[in-house]
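Contents: one structure, followed by commentary.
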Amino acid sequence: MKAKSIKGRSSDEIKAALNECIEDNYKPTLAFVFLSVSQDRKTICDYLDQAGIAIFGSTTNGEFIDEETEGGAAAILLLDMKKEYFKIYSAEFQHNNYRNTSKSIAEKAQKEFGKVAFLMAVSNAATDGEEVLLGLQEIAGEQVNAFGGAAGDDLAFSKTWAFTNGWESDHGMVCLALDEEKVSVSGIATCGWKAMGTEKTVTKSEGNHVFTIDNEPALDITTKYGGLENITPENKDVLLELAANFPLQLQREKGDPVMRPGLVVDWSDHSFYTSGSVPQGSKIRFSLPPDWDVMEKVVKGVQNLKDTEMPEADALVVFSCAGRVLSFGPMMNAEIEGVKKVWNVPMIGMFSYAELGRMAGGNLEMHNLTTCCVALKEK
């Protein structure tokens, strides 16, 4: 399988880059399309559709194909994978039936392929990614390969989109099903954040609403450990600082901890809502502000994936949390460059609102502040 990555800041630039690829006697069948909500995605999709290319698409909080991150642009990864090796599904989340929706997709995919892997993009910030993953697991088994991200909107926190040929939704999912008998799929979710202090207990929570930790209001104990000051509703930087630099690390019985940043504060009782569920009674640790070691750990995790599971790859797809860009700024390019060098094959990536995947030795989870790398190789 041959892969080519292109990018542009307008539909005209994308059309020119696409034509250049096709004129080179290259016949892509599948395209990963990660683009800004400011881009004319309908026109870009029309170009791909007219060329007979299947589309896996998501809006982003930034996108990249090489070491340099972009904003307000479009990035596309073209693959000439045999059409019988993959199928793209799309569906709306009717009545927030996240699990039933993904379960239905998995049932259809299993009729197509004996052993199947999934890459997905989900839209709408309220989408419960964990329920989506549980639906896939219910049909395809607990060890299913499934990775993806939550669509972005250039950090406007307004409306996000998942899309494919002739379809788009701001409350749905697009899912690429791959025949694992024909295409090798290996991935890893890793964050690199270091923990500080001893384990603490979530003493009151409901779903993703964390009220108290060690019987103290969740906001108060978190900001105390983070050394944050001026903790008031008027200080708009509090939430950004809290989410990007001092996320909770939810401890799991197996595998690495799962990041759970506080995203919305209830100022009436100083509780907060996190990106995913934090069960009452669970153990958490606080995080140190990120440094270079965080990025190095991500690159080492990807290198270990190559060394132990995927010595060769044809292409790489990356879902990375937008919070990492907020934390690292321009340094984020160093992480992307390090990941790119592991296989040195065409790559595409997006900055997402959440990441879906499996950490080393762990379960399928919805993550934040995490980088999820997926390597593909046609057998």
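The values are calculated or read from the model by the stated rules, or taken from the named source; none is laboratory data. Quantities reported herein were computed from a predicted structural model and do not represent experimental measurements. Don't worry about glycine lacking a Cβ; one is built from the backbone with ideal geometry, like all the others, and counts go over all protein chains shown.
Exactly one residue out of MET366, MET347, MET359, MET331 is at pLDDT 95 or above and in contact with a helix residue (DSSP H, G or I) (Cβ under 9 Å, 6 or more places away or on another chain), and it is MET347. Of the strands (runs of 3 or more DSSP E) lying entirely inside the stretch 278-353, those carrying at least 1 residues that are in the same structural domain as PHE118 (by TED's automatic domain parsing) and within 25 Å of VAL183 (Cα to Cα) are 315-321, 347-352.
Scanning the stretch 246-294 for residues that are closer than 26 Å to VAL339 by Cα, surrounded by fewer than 15 Cβ atoms within 10 Å (Cβ to Cβ) and modelled with pLDDT of 80 or more gives a single hit, ASP293. Within the span defined as the stretch 187-196, one or more residues are touching a residue at least 60 places away in the same chain (Cβ under 8 Å) and under 30 Å from ASP49 (Cβ atoms).
One line per residue, one yes/no per condition, for (1) in a helix (DSSP H, G or I); (2) of a type outside the set (Gly, Ala, Ser):
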position	(1), (2)
CYS45	yes, yes
GLU67	no, yes
GLY72	no, no
ALA75	no, no
GLU84	yes, yes
SER90	no, no
HIS95	yes, yes
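When residues in the stretch 204-245 are screened for being within 26 Å of the chain's Cα centre (by Cα), in a loop (DSSP other than H, G, I, E, B) and modelled with pLDDT of 80 or more, 2 of them pass.
I'd like to check something: does the stretch 19-28 contain any residue that is modelled with pLDDT of 95 or more, over 18 Å from LYS340 (Cα atoms), in the same structural domain as SER169 (by TED's automatic domain parsing) and buried (at least 16 other Cβ atoms within 10 Å of the Cβ)? Checking the stretch 19-28: at least one residue is modelled with pLDDT of 95 or more, over 18 Å from LYS340 (Cα atoms), in the same structural domain as SER169 (by TED's automatic domain parsing) and buried (at least 16 other Cβ atoms within 10 Å of the Cβ).
Determine whether ALA109 is over 26 Å from GLY8 (Cβ atoms), touching a residue at least 40 places away in the same chain (Cβ under 8 Å) and not in a loop (DSSP other than H, G, I, E, B). Taking the combined requirement at face value, the residue satisfies it. Among the residues of the stretch 195-210, write down those that are surrounded by 15 or more Cβ atoms within 10 Å (Cβ to Cβ) and out of contact with any Asp or Glu (no Cβ under 7 Å at 6 or more places or on another chain). Of everything in the stretch 195-210, those that are surrounded by 15 or more Cβ atoms within 10 Å (Cβ to Cβ) and out of contact with any Asp or Glu (no Cβ under 7 Å at 6 or more places or on another chain) turn out to be ALA195, VAL202, LYS204, SER205, ASN208, HIS209, VAL210.
Among ALA117, ALA177, which is the only one that is touching a residue at least 24 places away in the same chain (Cβ under 8 Å), surrounded by 19 or more Cβ atoms within 10 Å (Cβ to Cβ) and farther than 27 Å from LYS297 by Cβ? Can you show your working first?
On the way: ALA117 fails: farther than 27 Å from LYS297 by Cβ.
Unique residue meeting the criteria: ALA177.
Of all residues in the stretch 306-326, which are more than 12 Å from THR371 (Cβ to Cβ) and within 18 Å of the chain's Cα centre (by Cα)? Within the stretch 306-326, ALA315, LEU326 qualify.
Between GLU355, GLU335, the distinction of being buried (at least 24 other Cβ atoms within 10 Å of the Cβ), out of contact with any strand residue (DSSP E or B) (no Cβ under 6 Å at 6 or more places or on another chain) and not small (Gly, Ala, Ser) belongs to GLU335 only.
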